[in-house]
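As structure tokens, the structure follows; a few thoughts come after it.
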Amino acid sequence: MADARPGVTLVVDPRFSGGTSSAVATEIRVISSFCRLRVAAVSSAMFAGDTAHPAIVDACEAVGVPLLWDAPTISDEIVVLHNPSFLKFDEQFPGRIVADQLLVVCHENFLRPGGGEGFAVRHCLDLIRSASLCRKRFLAPISAWNRETITDWMSSNGWLPGWEIAAEDWTNICTFNLLPPPQDPRDRRGRLSRPGFEKFPDLETLNLIFPPSCEAVRILGADSLFAEDVPQHWDLIPFMGERVDSFLETIDFFIYYTNPRWRESFGRVIGEAIAAGKVVITDPETASIFGPGVLAAAPDQVDDLVAHYIANPALYADRVRVAQAALAQISASAFEARFHA
């Protein structure tokens, strides 16, 4: 009997080191349950070598879908291309896309704080449009904040011919196990991300949110800080130097600020911290992606917030429960419902 499920091909340069690859790996596991799935790997000039992210390799093996490298033609009912910024150093798309619908998932914000362009938007999307034959092409934001940067970019730079903005966000799928909050939260603070100048605020801000009064400060992905003169009480851990779940067990407050000239478009690590039962404090734009359970604050407000929730464990637990309830909106079942809508 013919398989009546829709055909979907995910397209990505699978050498991304951070959230893009983790998000695609989760999609592979989820989408394969209700679609005829293929995964096409594209070699761009952005990365060297031919080693795919382990999470993508593991996901393909788990669902029995091969990772097909550099196919001359990618053809399916629905083609979903992740993170078009990988094409910013290329002069042409390395292949051809033929689809009824092409969705380009916009992991990178089109604009940075202050109005600077997040990547070579028109260049990357023109390469994809020129290489694709499709009935419909959609830009798929991954969050409300990401969507706002897309519409603001178009207001300043003009509409992109041949593209529509998808009505629904193509959010990261969060399939994390939900853990209970600690009964007696302590002043144990931390953050994690891949290394990179854009992922970290300046040292003055880091000193403000991780002061000597903390019982513990742990930073996973702190490679860029190793050469800096940082306080003795900071425990710096290299990227992938510790399992994320093990790291999150050692903190009670996830404090996440980035370079002020850059913002997360989604912030998958925040979803991981929420699921692990931690109170999250971050900037207002990033907090808005995850709903009222995440605390939006300026860095100079962090100390008072931590003290308040340590003194009120019931409020801490309530905050975690509200944040975890919001994760249901970006669960696997919610994603499948949006896909079929």
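The values are calculated or read from the model by the stated rules, or taken from the named source; none is laboratory data. These figures come from a predicted structure and were not determined experimentally. Virtual Cβ from ideal backbone geometry, glycine too; neighbours counted across all protein chains shown. Each accessible area value is taken on the protein alone, full model and side chains, heavy atoms only, with ligands, DNA and RNA left out. Shrake-Rupley method; radii C 1.70, N 1.55, O 1.52, S 1.80 Å.
Using a probe of 1.4 angstrom, how much of the accessible area of the chain is carbon and sulfur, in percent? Write down the numbers at each step before the final one.
Working: 7660 of 14630 Å².
Heavy-atom surface of the chain belonging to carbon and sulfur, 1.4 Å probe: 52 percent.
Just the accessible area per residue of the chain, please: how many Å² with a 1.4 Å probe?
Working: 14630 Å² over 341 residues.
Per-residue accessible area for the chain comes out at 43 Å².
Given +1 on the Cβ of Lys and Arg, -1 on the Cβ of Asp and Glu, and no further charges, what dipole in debye does the stretch 68-221 carry about its Cα centre, rounded to the nearest 20?
Working: 16 positive and 20 negative charges, 37 e Å.
So the dipole magnitude of the stretch 68-221 works out to roughly 180 debye.
Just the ratio, please: alpha-carbon radius of gyration of the chain over 2.2 N^0.38 Å, N its number of residues. Before the final figure, lay out each step's value.
Values: Rg = 20.4 Å, N = 341, 2.2 N^0.38 = 20.2 Å.
The chain yields a ratio of 1.01.
Treat every Asp and Glu Cβ in the chain as -1 and every Lys and Arg Cβ as +1, leave all other atoms uncharged, and give the resulting dipole magnitude about the Cα centre to the nearest 20 debye.
Values: 29 positive and 43 negative charges, 174 e Å.
Dipole of the chain, to the nearest 20 debye: 840 debye.
If a helix is a whole DSSP H run, which ones in the chain reach 15 Å or further along their own axis (Cα) and hold a mean Kyte-Doolittle hydropathy of at least -1.0? Before the final figure, lay out each step's value.
Details: long enough: 19-31 (17 Å, 0.74); 144-157 (19 Å, -1.08); 313-326 (20 Å, 0.16).
The qualifying helices are 19-31, 313-326.
Tell me which residues come under 5 Å, amide H to amide H, from Ser75 once H is placed; ignore anything under 5 positions away on its chain.
When sequence neighbours closer than 5 places are left aside, the close amide H contacts are Val98.
Can you return the lysines within cross-link range of Lys136? Criterion is Cα-Cα under 25 Å, with same-chain partners fewer than 8 residues away left out.
Lys88
All other residues with a Cβ under 11 Å from the Cβ of Leu208 taken together, and with Lys, Arg as +1 and Asp, Glu as -1, what is their net charge? Let's see the in-between values first.
Details: positive: none; negative: Asp202, Glu204, Asp300, Asp303.
Result for the neighbourhood of Leu208: -4.
So what is the 222 nm mean residue ellipticity for the chain from helices alone, if each DSSP H run of at least 4 adds -39500 (n - 2.57) and you divide by all residues, rounding to the nearest 500 deg cm²/dmol? Spell out each step's value before the answer.
Details: 11 runs with 107 residues, N = 341.
That comes out to -9000 deg cm²/dmol.
I'm checking a number: the convex hull volume of the Cα atoms of the stretch 99-177, normalised per residue, in Å³. What is it?
Details: hull volume 8.6 nm³, N = 79.
Spelled out: Cα convex hull of the stretch 99-177, divided by residues, is 109 Å³.
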